[in-house]
Amino acid sequence: MRAKKILPVVLAGIMGMATMGCGASSKDYDIYLYNTKSEIADSIQDLCSAYEQETGVKVKVYTCGTTEGLETLRSEMNSRNQPTIYSVNQATFQEWYEGRYAWSSNEVENQELKSIYEAIPDEMKLSDEAGASYGIPYNIEGYGLIADTRMICDVFGLDTEDGFAADFRAAEYPEFEQMVMAVDRYIDGEGGKQITLNGNTYTTTTEKTVLTENLNGVFAIAGAEKWTYGNHYVNYALNAVFPTYQATANATAEQVRQIEEPLVKIVKELDFLSGYTAGQKGKILRGPDYINSTVTGYDQAVQAFVEGKALFIKNGNWIFPNVESVDAEKAAHLTMLPMKTNLEDSDISAEGVTVEKINRSIPEFVSQYYIINAKATAEERKAAEEFLLWLNTSDTGMDFITNKFAFVPFNADSSVELENPLSNALIWYMQNDLVLGNDFDAFPESWGLNTIGAFIQEKLFTDANEWSEDTIREGVQSAIDSWIESIENKDLW
């Protein structure tokens, strides 16, 4: 794990020992749980009440929103009564690791809980360079190409989408390109085009249906939102070089240079995809409007998809509530398919990663982790271990995770069925070992947005012409130089 010079946690006390109502001078609880998922504030309180009823162990809960959560946590760690269990994400974990506030799986005494730490997929582990695991995931999130299965069936005249979905997942990039162009012709009224996916033939229908009559583009793309491509889309190029978050966080200058070819190819692919963009009033062409937040903002892209103006949107399982609030029937028929990339074997240097693996998988990640405070007493740590075991194995705990929190458990198996079909898709990909690392959070701060993302948005998305490789490579090389510079400056600290 690359060392970072971070303001020591103890200095947070200088900012004030007040605990913002979180602490107390004497303990009237057995476990203090510090939660930063504000959307589950009420339900996690109910969870802890249920735990007390079952075990007699009292859990005090404090919920703080993610935005202000880090500063408040620092203050709490300097209070008289520190949290026994706290939550952080991968990006902020380093501070607590270096301050020795994180209890590792090597030190966990409860063998059942230790096995849960060990069962976390490598791509999702909160770990150090030695491989020790430090957190239990709150939930799993992931992203890919989302579509309404009924629309897919209507475009290709199918009774069920199952065969198409299986063939799409196995298809190679050239087949994907042909499919996109055939769908575009269908949108323009030229049906009857034959394509091949995974060796099987599909033909677009010659007539529009009620569900497809509004289609004006293949993809809903939020050109005004740099994070959708500067982070999430660029992540596919990183997967070719870095298999995990930690590998990206510890990248050397030599490794960063290895992303040039994958990144050039990914940006070339974005040139292709952005030529088939759906909009509110018709197909959106690249130019000033393509990065106008009133035209291609996130909400506008989601709306275009929900209204059936686009067949696909690259997005995550978190989109489900947005779709459901507008069209519950459409939400119930959503599916998530893997994004296809035009990478070649020569672009791949990450161990265990292949072009086939990338093209059949989706990036999945953990938004927050439960971490046991290593500076809690032995008695408190024992209580924390028992609580986290109960949360992740008991019927009551799993019911809260899946139904009350509406989360995807990292250890879900095929027996877990959620209301959100996109979350069910995440479970399927996990069960079939078709998961990619979500490395973009390990970029140098804002690299995805302010370097490669800004280049794509300001230089490319405003260009209606086909992007030249020289232009793409120049922008990619500049972005890579910026990343390497941040590594060299870090080494000087």
Discussion item. Among the numbered criteria (1) at pLDDT 95 or above; (2) farther than 24 Å from SER446 by Cβ, which one does ALA130 miss?
Written reply: (1)
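Given the structure, is GLN457 touching a residue at least 12 places away in the same chain (Cβ under 8 Å), of a type outside the set (Phe, Trp, Tyr) and in contact with a Lys or Arg (Cβ under 9 Å, 6 or more places away or on another chain)? Explain how you work it out, then say what you get.
Values: touching a residue at least 12 places away in the same chain (Cβ under 8 Å): yes; of a type outside the set (Phe, Trp, Tyr): yes; in contact with a Lys or Arg (Cβ under 9 Å, 6 or more places away or on another chain): yes.
Criteria met by GLN457.
Return the residues of region 307-341 that are closer than 23 Å to ASN231 by Cα, part of a helix (DSSP H, G or I) and of a type in the set (A, V, I, L, M); say none if nothing qualifies. Let's see the steps before the verdict.
Of all residues in region 307-341, those closer than 23 Å to ASN231 by Cα come to 310-323, 335-341.
Among the residues that remain, those that are also part of a helix (DSSP H, G or I) are: 317-323.
The answer is ILE319, VAL323.
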Discussion item. What's the total number of residues in region 290-306 that are part of a helix (DSSP H, G or I) and more than 24 Å from the chain's Cα centre (by Cα)?
Written reply: 3
Worksheet item: Being in contact with an Asp or Glu (Cβ under 9 Å, 6 or more places away or on another chain) and either more than 28 Å from ALA331 (Cα to Cα) or in the same structural domain as LEU389 (by TED's automatic domain parsing) (or both), is that true of even one residue in region 115-122?
Response: yes
Worksheet item: Would it be correct to say that SER423 is under 29 Å from HIS232 (Cβ atoms), surrounded by 22 or more Cβ atoms within 10 Å (Cβ to Cβ) and polar (S, T, N, Q)?
Response: yes
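Residues checked against (1) under 20 Å from ALA442 (Cβ atoms); (2) of a type in the set (Ser, Thr, Tyr); (3) surrounded by fewer than 18 Cβ atoms within 10 Å (Cβ to Cβ):
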position: ASN250; (1), (2), (3): yes, no, yes
position: ILE259; (1), (2), (3): yes, no, no
position: GLY275; (1), (2), (3): no, no, no
position: ALA278; (1), (2), (3): no, no, no
position: GLY282; (1), (2), (3): no, no, yes
position: ILE291; (1), (2), (3): no, no, no
position: ALA301; (1), (2), (3): no, no, no
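In this structure, is GLU364 of a type in the set (Asp, Glu) and modelled with pLDDT of 95 or more? Let's see the steps before the verdict.
Working: of a type in the set (Asp, Glu): yes; modelled with pLDDT of 95 or more: no.
No; evaluated as a whole, the condition is false for this residue.
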Item to complete: Six or more apart or on different chains, Cβ under 6 Å: which pairs go from a residue in region 181-202 that's assigned by TED's automatic domain parsing to the domain that holds ALA171 and at negative phi to one that's acidic (Asp, Glu) and not in a strand (DSSP E or B)? Could you list them?
Response: THR196/GLU175; LEU197/ASP167; LEU197/GLU175; ASN200/ASP167
Practice prompt. Would you mind finding the one in ILE319, ILE313, ILE372, ILE358 that is assigned by TED's automatic domain parsing to the domain that holds ALA237, under 29 Å from SER105 (Cβ atoms) and of a type in the set (A, V, I, L, M)?
Written response: ILE358
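Here's the yes/no breakdown for (1) in contact (Cβ under 8 Å) with a residue 40 or more places away in the chain; (2) in contact with a strand residue (DSSP E or B) (Cβ under 7 Å, 6 or more places away or on another chain):
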| position | (1), (2) |
| --- | --- |
| THR341 | yes, no |
| GLU344 | yes, no |
| ASP347 | yes, no |
| ALA350 | yes, no |
| VAL355 | no, no |
| ASN359 | yes, no |
| TYR369 | yes, yes |
| ILE372 | yes, yes |
| LYS375 | yes, no |
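ALA350: surrounded by fewer than 18 Cβ atoms within 10 Å (Cβ to Cβ) and hydrophobic (A, V, I, L, M, F, W, C), yes or no?
Details: surrounded by fewer than 18 Cβ atoms within 10 Å (Cβ to Cβ): no; hydrophobic (A, V, I, L, M, F, W, C): yes.
Criteria not met by ALA350.
The values are calculated or read from the model by the stated rules, or taken from the named source; none is laboratory data. Being a predicted model, the structure only gives us computed values, none of them experimental. Cβ atoms come from the backbone with ideal geometry, glycine included; neighbour counts cover every protein chain shown.
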